[in-house]
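> My structure is below; once you've seen it, I'll send some questions.
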Amino acid sequence: MPASYTVQNGDCISSIAFEHGFFPDTIWNHGDNAELKSKRKDPNVLMAGDVVVIPDKQINEISKPSEQEHRFRKKGVPAKLKVRVLKKGELRKNEKYRLIIDGKVLEGSTDGEGFVEKPLPPNAREGKLILGEGERKDTFVFRFGHVDPLDTDEGVAGRLHNLGYSAGTDLPGALRKFQRENGLQATGRVDEPTRGKLKENFGQ
């Protein structure tokens, strides 16, 4: 029978599916998860306490001649890190970086829009991005799956913090600063244009 899994901090559909032997889409698109999908929108941004239904596994049988050798390929769906890097509102374009994911080192350059985009294991938990050289060298630490949904105050504050607008106890103040520097009306309130710009700059 299908089982229920309670989301913990650091979980996302990709990591949950990986741990239970499924493709992410199999779980995310399952009918019993329709309400969760409608509520959260993004499979990689869940809230601790959300409940995910893990369906029963289905046996897939393939008929092949028994006296021949056959090759089967195991499918895999890697997760992806996509993050945009800015410094004081300036995009960090075409800069070399080192990305360390659970001890594995990857190297590359940000693209023309300041994005770093790399595949990563679905169950990755921590990463470090070292960007630039000399005076422009910066280090960013990631805890994958630890950003709450954008429709919550915690999700807004987390994105602001990761973009360099530390909210602390003054979320409206951090919002006003972010809004001013991104050409938005500085109301200190979360509206749809602000959510859209947060998603654009943060990457999710």
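> From the residues in region 148-169 that are farther than 17 Å from Asp191 by Cβ and hydroxyl-bearing (Ser, Thr, Tyr), which one is surrounded by the most Cβ atoms within 10 Å (Cβ to Cβ)?
Ser166
> Report those helices (runs of 4 or more DSSP H) wholly inside region 98-204 carrying at least 1 residues which are among the hydroxyl-bearing types (Ser, Thr, Tyr) and over 15 Å from the mean Cα position of the chain (by Cα).
192-202
> In contact with a Cys (Cβ under 8 Å, 6 or more places away or on another chain) and within 28 Å of Ile101 (Cα to Cα): is that true of Phe140 in this structure?
When the stated conditions are applied, Phe140 does not pass them.
> A follow-up question, please. Residues of region 129-147 being more than 23 Å from Val45 (Cβ to Cβ), open to solvent by 60 Å² or more (accessible area, probe 1.4 Å) and touching a residue at least 40 places away in the same chain (Cβ under 8 Å), which ones?
Arg136
> A further question follows. If you go through region 88-111 one residue at a time, how many are closer than 28 Å to Ala174 by Cβ, of a type outside the set (A, V, I, L, M) and out of contact with any Leu (no Cβ under 8 Å at 6 or more places or on another chain)?
5
> From the list Lys177, Lys137, Lys118, pick out the single residue that is of a type in the set (Lys, Arg) and touching a Phe, Trp or Tyr at 6+ places or on another chain (Cβ under 7 Å).
Lys177
> Could you check how many residues of region 1-51 are exposed (fewer than 15 other Cβ atoms within 10 Å of the Cβ) and of a type in the set (S, T, N, Q)?
Summing the residues that are exposed (fewer than 15 other Cβ atoms within 10 Å of the Cβ) and of a type in the set (S, T, N, Q) in region 1-51 gives 6.
The values are calculated or read from the model by the stated rules, or taken from the named source; none is laboratory data. Nothing here was measured: the structure is a model prediction, and the numbers come from that model. Neighbour counts are summed over all protein chains in view; Cβ atoms, including those assigned to glycine, are modelled from backbone coordinates with ideal geometry. Protein only, heavy atoms only, side chains kept; ligands, DNA and RNA dropped before computing areas. Shrake-Rupley method; radii C 1.70, N 1.55, O 1.52, S 1.80 Å.
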